[in-house]
Amino acid sequence: MHFYLSKIIVKNIILAVMLTSYLLFSQEKHKTDLFDLEVQEKINLNKSYSHFSKAGLFFIENNWDSTLVYSMQHLNTIKQNIDLANYAHYMRGYSFNEKKLYQEANNEFNKISPEFEFDFIVKKRLAEIALEKNEFKKAVSYLEPLTKLSLEKYKYFKKSEVFQNLGLCYLHLKEFNQAESYLVKNVEFNEQLKDTLDLITAYGSIANLYYVQYKDDLAIPYFEKAYQLSKNTKDFDAKRIATLNMAVVEENRKDLRKALEYRKEYEKWKDSLNDQNKIYEVAQIEKEFAVKQKQQEVNLLEAENKSKIRERNGLLYSALTLLILLGVALYYYKEKSKANKIIVAQKEDLDALNATKDKLFSIVSHDLRSSVNALKTSNNKLLDNLEAKNLDALDEQLQNNSAIVNGAYNLLDNLLHWALLQTDQSYFEIASIRLFSIVEQTAYNYKPLMLENNIDFKNDVLKSVSIFADQESLKIILRNLLDNAIKFSEPNGIIKVYTQSTNEKYCDLIIEDSGIGMQESTRLELLEDTISLSKKENKNSIGTGLGLQLCKSMIKKNKGKFDIESELGKGTKMIVSLPLKA
C-alpha cells in the first residue's frame, strides 16, 4: 500500500473538504447592523405593540429564545398588520437559523409575503439554509435573482457573496462553465475591493475549480496567491485552508520536503484555531444557568472561607503560644505587652472580617430567600393567570419574574467579583480605553429596563476621551452605578452620563440621575473608606451595599478617585475620576 495518495484521490479530498469550508467561509455569519437599525426604527414607530417591541429588542441583543417567545405572542395577538407580521416571521426564521433548526427557519421565511421590502434578504437566508442542507439546485434558484439587485440593496450584504456561492453551487453540480463564470467575476470584484479575507476565499474557490478539472497550470497560481495573502491576515481558518491546499499541491508535485513544511504550518494554524474555538465555546454559557452557577460559586466560596478561618485560627493560636513562651523565657514585660497588643490587633481584624463575612452572608441569604420566595409566589400567580388565560396579567407576572431574577443575578455577580477582588484572584490589566464606547456598551443592556420605567438616558461622554483603566472592572463599576441610578429614579426621570475635566491628570466620569437623592449624613457614610456592609432600602429595592463597596475597591485599584454629590429630592451625581495617562 502506497503512503501517498494518487492525484485523483487527493483532488477528491480537496473538493469534499475544502469547498465546504469555502462555502461556509463566504457566508455572512451575523446579521448586519443596518438591518438592526431597520428593526429599531420599526420599534420606534410601533411602540403600542409591546410584544413586537420586546421581540425586536431581544433580536438586536442576539437573544434568540426571547425573540422566539415574544414574536410568537405578537403573531398570536396581532393579525391585521402584515408588515409587522413579516418582520416577526423574519426574526423567528433568523433565530431558528442561529439555533441550527434549519427546517423551522425555512418554514418561517416561507411565511413572509413577497411584498416584504426586504424580500431579497429573505431569499439570501433561504439560499444559506439550502447550502447547509447541500441542496445546491435550490440554492441556485434563490441566488440567481440576487445578481440583478440595485446597488442600494447590496449595502445589506456583499455582492461577492452571491457570486462566490453561485460558483461553488455550480461546481458541486459539476457545471464547470457556469461555475467559472461566477468565480471569475468574484475574483475580479474582490480584487477591486482589496478585502484580504474575501480575496483568499475567491482565489481558493477558483483554484479548486481548475484543480478538480486537472488544469493545474491555472489552479496552482491561485493557490499560491491565496497562501501569500493568508500571511497578511490573523484569521486562523483562512491560514489553515490556504496552507493545507499548498501541502496537497506539493504532494501531487512530489515535492515532499515542501509538502512536509506546509503540513507542519497547517497543524500550527489548526491548533491555533482549535484554541480559539475553545475560548469561544467557554464564552457561550447559557444565561438560564447563570443563577444556579453563581449559587454554586457562593457555596464554594463559603466553604473556602470556613477553611481559611480555621487556618487563621490555627495560626493565631500558634502565634499566641509562641509569644507566651518568649515572654516566659525573656521575662520582659515590655516585649510581652507589645506581643499582646499585636495579638489583640490581629484578633480585632479577624473579628471584623468574621463579622463582615457573617453579616454579608446573612444579608445575601435574606435577599436570596426573599427573591426565591417572591419568585415562588409570582409563579403561583402566573399559573393561576395562565389557567385563566389572562394575557395582560401574564405579561406583568413575567416582567416581575424577570426583575426578581435580574436582581438576584446582580447580587450574586457582585458577590463573586467582590470575593475575587478580596482574594486577589481577578485578572487585571490597565490599558488605554475609549470611554464613550465602554459607556455605550454597558448602557445598552439597561436600555430595555430604562424604557420599561420611561427613564430618558443620555450618553454625553466625549468620543475623543481615552483613559487608562482595566476594561472589565470599569464595566462592573458602570453596571453598578447605572443600576443604582435606575433603582433610585422615579418614572419619567433622566439619567445622564458625561465627562468633565477639572484636572489635567484625571478625567471625571459623571453618572447623574434625577432621582430621590440622599441626606448629607448618608452621602458621607457612603464615602467612608470601610468594608462594613449594611442593608439599605428604598421603596422598590433592598440591597447589601456590596455593589458600591465593590465600585470603590475597583476604582481604587484603577488608581482613580470616587465622590458623590447629592441633595435629598434633587437627584445624585456619582463621580468617578480616572487617570488620563498611565
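Here are a few things to note about the model shown:
- Verdict on Glu108 being surrounded by 14 or more Cβ atoms within 10 Å (Cβ to Cβ) and outside any loop (DSSP other than H, G, I, E, B): yes
- Meets criteria (modelled with pLDDT of 90 or more, out of contact with any Ser or Thr (no Cβ under 7 Å at 6 or more places or on another chain) and in the same structural domain as Tyr49 (by TED's automatic domain parsing)) for Leu68: no
- Scanning the range 346-397 for residues that are at pLDDT 65 or above, among the charged types (D, E, K, R) and loosely packed, with under 12 Cβ neighbours inside 10 Å returns Glu348, Asp349, Asp351, Lys376, Glu387, Lys389, Asp392.
- Assessment of the range 488-504 against the conditions (assigned to a strand (DSSP E or B), surrounded by fewer than 16 Cβ atoms within 10 Å (Cβ to Cβ), assigned by TED's automatic domain parsing to the domain that holds Gly560 and touching a residue at least 60 places away in the same chain (Cβ under 8 Å)) yields at least one matching residue.
- Beta carbons closer than 7 Å, at least 6 apart along the sequence or on distinct chains, pair a first residue in the range 135-163 that is farther than 14 Å from Val122 by Cα and assigned by TED's automatic domain parsing to the domain that holds Val184 with a second that is assigned to a helix (DSSP H, G or I) and among the basic types (Lys, Arg) for Phe163/Lys185.
Yes/no matrix, rows are residues, columns are (1) surrounded by fewer than 20 Cβ atoms within 10 Å (Cβ to Cβ); (2) modelled with pLDDT of 85 or more; (3) under 22 Å from the mean Cα position of the chain (by Cα); (4) assigned to a helix (DSSP H, G or I):
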| residue | (1), (2), (3), (4) |
| --- | --- |
| Glu251 | yes, yes, no, yes |
| Arg257 | yes, yes, no, yes |
| Asp271 | yes, no, no, yes |
| Asn277 | yes, no, yes, yes |
| Glu281 | yes, no, yes, yes |
| Ile285 | yes, no, yes, no |
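- Hits in the range 526-562 (condition: touching a Leu at 6+ places or on another chain (Cβ under 7 Å), farther than 16 Å from Leu478 by Cβ and at pLDDT 85 or above): Leu526
- Being closer than 19 Å to Lys138 by Cα, acidic (Asp, Glu) and assigned by TED's automatic domain parsing to the domain that holds Ile60 is a condition met by no residue of the range 92-101.
- Residues that are of a type in the set (S, T, N, Q) and buried (at least 16 other Cβ atoms within 10 Å of the Cβ) were ranked within the range 51-89; the one that is nearest to Asp395 (Cα to Cα) is Gln73.
The values are calculated or read from the model by the stated rules, or taken from the named source; none is laboratory data. Just so it is clear, the model here is predicted, and its values are computed rather than measured. Backbone-built Cβ (ideal geometry, glycine too); neighbour counts: all protein chains shown.
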